[in-house]
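Quick notes on the structure that follows.
The values are calculated or read from the model by the stated rules, or taken from the named source; none is laboratory data. Everything quoted here is computed from the prediction, not taken from an experiment. For neighbour counting, all protein chains shown are included, and Cβ atoms are generated from backbone atoms with ideal geometry for every residue, glycine included. Protein only, heavy atoms only, side chains kept; ligands, DNA and RNA dropped before computing areas. Shrake-Rupley method; radii C 1.70, N 1.55, O 1.52, S 1.80 Å.
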Amino acid sequence: MSNLIERAQRILLTPKTEWPVIAAEPETTSGLYTKYVIFLAALGPIAMFFKTTMIGTQVPFLGNFRLDMGTGLVQLVLGYVLGLVSVYVFALIVNALAPTFGGQKDPVQAQKSVAYAMTAAWIAGVAQLLPWIGMLIGLAGGIYSIYLLYLGLPVTMKSPPDRAAAYTAVSVIAGIILFWICALVIGGIVGRGMMGGYGVGGPAVTQSGGFEKGTAGAAIEQWGKEMEKAGKAVEESAEAQGGVPSGAAIGQLVGAVVGGNQGVEALPTDQIKTFLPETLAGLPRTTMSAERNNAMGIQVSEANADYSDGAGRNLELEITDTGGAQGFVVLAAWANVEQEREWDGGYERDYRADGRMVHERWDGKNGSGEYGMIVGQRFSVKLSGRAASVDELKAALATGVNVAGLEAAASQLKAAN
């Protein structure tokens, strides 16, 4: 632990002299995680847990709001796991872009670059415990982490110093877009629960040494090939444009990282909103909205509708087309997590049923819950609101939403692409 503290102090206070030391050290990805990342990456989620469950958040005119301990723990674990994954995925981007800016590909050095540059942001995450000034400290930590990455890339990835600014900027922009896409898709898939549900058994490997088509292993193999292909496209684009890759090439790289496809379009708003019924469980539709978001060619569309009798009975239906990021749904098989949590008067479950990822949550104290599923490995459907039980939400979704139509649409779109 003393070595960890000393390293954190040196990278924050004397980064110009510390980066050469870091670059020269023999290291492995697992060693970097076990000796450094898993400890510092926990600071922000732990601070958020104490902030939301013990201190609370002051809501204007309404008072102080605190999460229950169970929900806070779920938030802590999910935030921590996604933080660890983010370091690894961001390092993939940094490594793939290295040749574009005159550097050398080296996955371990890329992991070092990201992990040690993140030190400032991780430590600043503790400031969430403070009032309004905590947000400013967090912002300052994020900016300083970008500066640390800028100083480190010429040393660890051996890019020319005069191209470090562009290397840093493109990496950060691609990373921001990636994390925005992941957050949007994860929110549609799991709601407030843990990611998971695609249970996979032992690896199905063909005699030629590859995974059988349609298995999670095959998806992972294809993901690696797409990453390599996208990386080469970035290099070629940079060579053709005087060292600066095109936005289309960067978009292809982001699409490859999320397991998606830049050429896949999400359903237009006028089509996805047709899956929102006019009535649901006997309740009339009171509001409806639809939008399609596009970031560097990666599309995700979403439709929402509220149903109410005006007397306190309300339901909300949300349908998300993961579109260009649908590969992220398939790659969720990596997690292979089924979880169940219970508390006084309620529970939350993530599991696999009839070949689909399913999420359900029920709070008996206020008579509300949510029930959602992934349809056709592409569409996320989630129904939430007040009901007699989760079974009522299940029945409303099964009888009121055209799930078969979504399945058919997913099959048709897959065949078309």
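Here Lys382 sits with roughly 30 square angstrom of accessible surface, probe radius 1.4 Å. Centre-to-centre separation between the Cα atoms of the range 1-48 and those of the range 91-153: 11 Å. Spacing of the modelled spin labels on Glu236 and Val85, each 7 Å from Cα toward Cβ, amounts to 3.1 nm. Maximal additional length on extending the Val77-Ser411 stretch stands at 116.8 nm, based on 0.36 nm per residue less the C-alpha distance.
Full extension from Lys105 to Leu139: what is 0.36 nm times the residue separation minus their Cα-Cα distance, to one decimal in nm?
This chain segment gains 9.2 nm when fully extended.
With the simple model of a label 7 Å out from the Cα in the direction of the Cβ, Asp162 to Ile176 spans 2.7 nm. Between Tyr347 and Arg313, the modelled labels are 2.5 nm apart [label points 7 Å from Cα along Cα→Cβ]. For the range 390-404, the Karplus equation 6.51 cos²θ - 1.76 cosθ + 1.60, evaluated at θ = phi - 60°, returns couplings of 5, 4, 5, 5, 4, 5, 5, 5, 5, 9, x, 10, 7, 5, 4 Hz by residue, with Gly and Pro reported as x.
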